[in-house]
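*Asks:* Sharing a structure, written as structure tokens. Questions coming.
The values are calculated or read from the model by the stated rules, or taken from the named source; none is laboratory data. The structure displayed is predicted, hence computed values, not measured ones. Ideal geometry is used to build each Cβ from the backbone, glycine not excepted, and the neighbour counts take in all protein chains shown. Surface accessibility is based on the protein's heavy atoms, side chains included, excluding ligands, DNA and RNA. Shrake-Rupley method; radii C 1.70, N 1.55, O 1.52, S 1.80 Å.
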Amino acid sequence: MRAEFLQLIKKVVPIMHPMLNIAVKAARRAGNLIHRSADKIDLLTITKKSHADFVSEVDLAAEQTIIQTLLDAYPDHAILAEESGSQGESEFLWIIDPLDGTTNFLHGFPQYSVSIALQHRGIVTQAVIYDPTKNELFTATRGRGAFLNDRRLRVTKRIHLADSLIGTGFPYTRFEHMDAYIGIFKDLMQKTSGLRRPGSAALDLAWMAAGRYDGFFETGLKPWDIAAGTLLITEAGGMVSDLHGSDTFMKTGHICAGNPDIHTQLLQVIAPHLTPGLKG
Ligand code: IPD
Ligand code: CA
Ligand code: CA
């Protein structure tokens with residue numbers, strides 16, 4: 001009787017994988033720190049990394065909080081984090097963007113997130129994206145589905161590109177793919193219901209998984225921008241590829257995602273604009 005009851009509870013309230021649980025703890029700690037700092041932006045120390053690319057003391061502190069929380073639980077695991085780079089060697093690799101959407105954060109524009117993924121032997125198995133401004137927690141474990149807080153996520157069912165809402169990000173630090181990007185953008189302006197560029201790629205991918213977009217594309221992203229979001233999308237029934245339909249997106253950073261119908265149609269629109277550099 002007790003065993004049956006436990007089985008039933010497991011079905012109704014899926015039990016969180018222990019590694020995901022730690023990632024959630026880390027993401028919430030970082031998110032709270034970011035949230036507390038959001039009303040004192042003017043007092044923060046900000047450094048320019050390169051053209052239009054800034055890092056604040058909040059990015060650095062959030063990253064240290066995340067790393068500390070993960071390594072306290074799993075001291076042997078390896079880390080790849082945006083601000084401090086790589087540390088350790090292990091078949092388990094945590095990929096961290098402590099604050100995705102720094103430009104938004106520094107302008108008080110409430111669209112930014114914490115992104116944490118765990119890769120095991122090169123495959124993303126756990127994902128957390130946390131939006132501290134809305135207290136929205138997106139999570140996924142490979143094979144166990146994607147969730148927003150406690151709600152199971154599915155990508156949209158829209159089948160016509162003309163009805164679709166597409167997310168994207170503009171190139172703003174490196175411009176070698178700008179002409180191709182603008183060509184794709186121009187076509188999609190005419191072939192979709194709308195394009196959005198909110199400014200946190202990790203959150204864009206989480207929103208794609210949550211059915212707030214039908215598709216997404218961007219060029220030149222980094223592993224920490226996309227590792228968690230791509231697992232959320234596939235666990236929500238969506239497709240993720242690079243811009244020509246292959247799986248090199250973690251290496252190239254060029255990414256196209258969508259529900260299965262819209263993903264195919266996006267790739268068709270993108271194809272005539274592909275330069276050798278965008279083929280990866
Ligand atoms: C940036 C955001 C943005 C995307 C940029 C990323 P950061 O991350 O995800 O949406 O367009 O390419 O670099 O620098 O704010 O962590
Ligand atoms: Ca980022
Ligand atoms: Ca960042």
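*Asks:* Along its three principal axes, how long is the chain when you only count alpha carbons? Whole Å, largest extent first please.
*Replies:* 57, 52, 36
*Asks:* Work out the FRET efficiency for Arg174 and Met16 from their Cβ-Cβ distance, taking R0 = 25 Å, and round it to the nearest 0.05.
*Replies:* So the FRET efficiency works out to roughly 0.10.
*Asks:* Take the Cβ-Cβ distance between Arg144 and Asp53 as r, set R0 to 41 Å, and report the resulting FRET efficiency rounded to the nearest 0.05.
*Replies:* E(calc), rounded to 0.05, equals 0.70.
*Asks:* Report the longest stretch of the chain that contains none of the GluC sites (Glu not before Pro) sitting in a DSSP loop with at most 14 other Cβ atoms within 10 Å.
*Replies:* Looking at the chain, 177-280 is the longest stretch - no exposed GluC sites (Glu not before Pro) with at most 14 other Cβ atoms within 10 Å.
*Asks:* If you don't mind, there's one more thing I want to ask. Taking the highest mean first, how do the peptides 265-274, 70-79 order by number of other beta carbon atoms within 10 angstrom per residue?
*Replies:* 265-274, 70-79
*Asks:* Taking θ as phi - 60°, what are the ³J(HN,Hα) couplings along the stretch 227-244 by the Karplus curve (6.51, -1.76, 1.60), each to the nearest whole Hz, with x for Gly and Pro?
*Replies:* 4, 5, x, 5, 5, 4, 5, 5, 5, 8, x, x, 10, 9, 8, 7, 6, 10
*Asks:* Here is a further query. Have a look at Thr133, Thr125, Thr47 and tell me which one the Gaussian network model of the chain (Cα, springs below 10 Å) gives the largest fluctuation.
*Replies:* Maximum fluctuation in the GNM of the chain, among the listed residues, is at Thr47.
*Asks:* Of the heavy-atom accessible surface of the chain (probe 1.4 angstrom), what whole percent is carbon and sulfur?
*Replies:* Here carbon and sulfur together make up 54 percent of the probe-accessible area.
*Asks:* Let me ask something additional. Using only Cα atoms, locate the centre of the stretch 79-106 and the centre of the stretch 38-70, then give the distance between them in Å, rounded to an integer.
*Replies:* For the stretch 79-106 versus the stretch 38-70, the Cα centre distance is 12 Å.
*Asks:* Identify, among Ala3, Gly167, Thr141, the residue whose Cα sits farthest towards the positive end of the charge dipole of the chain, taking +1 on the Cβ of Lys and Arg and -1 on the Cβ of Asp and Glu, with the dipole about the Cα centre.
*Replies:* Ala3
*Asks:* Can you sort Arg154, Arg197 by 1.4 Å-probe accessible area, starting with the largest?
*Replies:* The most accessible residue leads, giving Arg154, Arg197.
*Asks:* Still on this structure: For the stretch 2-152, state the average projected area of the convex hull of the C-alpha atoms over all orientations, rounded to one decimal in nm².
*Replies:* One quarter of the hull surface, i.e. the mean projection, equals 10.3 nm².
*Asks:* Moving on. Testing the spin-label approximation: label points 7 Å from Cα along Cα→Cβ at His120 and Ser90. State their distance in nm.
*Replies:* 1.3
*Asks:* Round to the nearest 10 and report in Å² the accessible area of Ser84, as given by a 1.4 Å probe over the protein chains' heavy atoms.
*Replies:* 60
*Asks:* I've got another one for you. Mind ranking Val240, Val58 by accessible surface for me, highest first, 1.4 Å probe?
*Replies:* In descending accessible area the options line up as Val240, Val58.
*Asks:* In addition: Which whole-number percentage describes the relative contact order of the stretch 149-242, with Cα contacts under 8 Å and a sequence gap of 6 or more?
*Replies:* Computed value for the stretch 149-242: 39 percent relative contact order.
*Asks:* Okay, moving on. Could you order Thr156, Thr275 so the one with the most accessible surface comes first? Probe is 1.4 Å.
*Replies:* Sorted by accessible area, descending: Thr275, Thr156.
*Asks:* Still on this model: Probe of 1.4 angstrom, ligands and nucleic acids ignored: what's the accessible area per residue over the stretch 161-278, in square angstrom?
*Replies:* In whole numbers, the stretch 161-278 has 37 Å² accessible per residue.
*Asks:* Moving to a separate point now. Using unit Cβ charges (K, R positive; D, E negative) and no other charged atoms, how large, in debye to the nearest 20, is the dipole of the chain about its Cα centre?
*Replies:* With Lys and Arg at +1 and Asp and Glu at -1, about 840 debye.
*Asks:* My understanding is that a pair violates if its Cα-Cα distance is over 30 Å; which of Lys25/Lys251; Lys40/Lys134; Lys25/Lys191; Lys134/Lys186 do that in this structure?
*Replies:* Where the Cα-Cα span goes over 30 Å, the pairs concerned are Lys25/Lys191; Lys134/Lys186.
*Asks:* Something else: Using a Förster distance of 30 angstrom, determine the FRET efficiency expected from the C-beta separation of Asn32 and Ala271, and round it to 0.05.
*Replies:* So, using R0 = 30 Å, E works out to roughly 0.10.
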